[in-house]
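The values are calculated or read from the model by the stated rules, or taken from the named source; none is laboratory data. The structure presented is a predicted model; accordingly, all values stated were derived computationally and were not measured. For neighbour counting, all protein chains shown are included, and Cβ atoms are generated from backbone atoms with ideal geometry for every residue, glycine included. Note: areas computed on protein heavy atoms with side chains; ligands, DNA, RNA excluded. Shrake-Rupley method; radii C 1.70, N 1.55, O 1.52, S 1.80 Å.
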Amino acid sequence: MSLEERIQQVNQKIEDACRRSNRHRDDVNVIAVTKYVSLETTGSVLDHGLEHIGENRWQDAQAKWEAFGQQGTWHFIGHLQTNKVKDVIGKFRYIHSLDRLSLAKELDKKAASLGIQVETFLQVNISGEESKYGLQPEQASSFLRDIRSFNNLKVVGLMTMAPHEEDPELTRPVFRGLRELRDQLNGQALTAEPLTELSMGMSNDFEVAIEEGATWVRLGSILVGKEGGSRWA
Ligand SMILES: *Cc1c(COP(=O)(O)O)cnc(C)c1O
């Protein structure tokens with residue numbers, strides 16, 4: 001299938017999921033995850049009008065960012081080591097994996113030194129799987145309180161990853177849990193502005209995530225494809 005066909009097919013699925021859940025199509029943003037594909041394919045993704053690019057490792061993203069960083073909006077979606085903050089700051093508009101105080105401190109410090117604000121998602125481990133990064137849900141409110149004074153770091157919402165399930169319907173409680181946590185945190189008014197964003201849903205489960213309120217879906221294989229020879233393939 002061509003990239004164009006995949007984009008059309010994904011768009012149709014997003015529209016259908018929005019219709020089923022009575023949501024506006026414009027409230028769902030797509031991040032094209034290019035980690036499985038080459039520099040050339042990443043360029044092609046941008047040429048096809050996809051504006052948001054997601055990468056999960058700076059080592060893999062660097063060449064792509066150097067080629068196309070000024071086109072599109074870049075999202076860092078993978079686990080971020082504190083010593084890598086200096087590489088990604090100012091390049092990725094959004095960091096989806098804020099999961100600890102030491103990382104928040106470093107992001108705030110480096111953003112301050114550039115005179116910018118970095119937008120972040122709190123990554124929360126809703127499923128409780130040990131292999132997953134993220135704060136425990138019950139830690140989220142004290143975490144937000146702890147970073148309140150970090151003027152160069154803004155939390156725009158929450159991010160989670162669901163376990164891989166053959167039947168995507170089984171992921172629904174995870175996505176619902178993230179939405180309920182966001183609403184509960186907003187009720188406590190811990191942030192200057194309410195948390196509006198939910199980054200949830202990947203190739204296997206994005207339709208369920210949209211039905212449960214995703215505002216950002218992160219799509220790799222189904223949208224951009226996977227290329228042979230990659231260590232991810
Ligand atoms: C790789 C990755 C994705 C996309 O994965 P697909 O299943 O191929 O859509 C989304 N989010 C994160 C954090 C990833 O690492």
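Data table
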| quantity | calculated |
| --- | --- |
| Given (1) more than 16 Å from the ligand (Cβ to nearest atom); (2) under 19 Å from Leu158 (Cα atoms); (3) open to solvent by 60 Å² or more (accessible area, probe 1.4 Å), number of the condition His48 does not satisfy | (2) |
| Within the range 139-163, tally of residues that are open to solvent by 70 Å² or more (accessible area, probe 1.4 Å) and either in contact (Cβ under 8 Å) with a residue 40 or more places away in the chain or within 16 Å of the ligand (Cβ to nearest atom) (or both) | 4 |
| Matching residues, the range 55-89, being of a type in the set (A, V, I, L, M, F, W, C), in a loop (DSSP other than H, G, I, E, B) and within 16 Å of the ligand (Cβ to nearest atom) | Ile77, Leu80 |
| Test: residue in the range 177-185 that is within 16 Å of the ligand (Cβ to nearest atom) and either outside any loop (DSSP other than H, G, I, E, B) or touching a Phe, Trp or Tyr at 6+ places or on another chain (Cβ under 7 Å) (or both) | yes |
| Every pair of residues 6+ apart whose Cβ atoms lie under 6 Å, when the first sits in the range 26-38 and is hydroxyl-bearing (Ser, Thr, Tyr) while the second is near the ligand (Cβ under 9 Å from one of its atoms) | Thr34/Val224; Tyr36/Gly220; Tyr36/Lys226; Tyr36/Trp232 |
| Residue in the range 23-45 that is farthest from the ligand (Cβ to nearest atom), counting only those that are open to solvent by less than 40 Å² (accessible area, probe 1.4 Å) and of a type in the set (A, V, I, L, M) | Val28 |
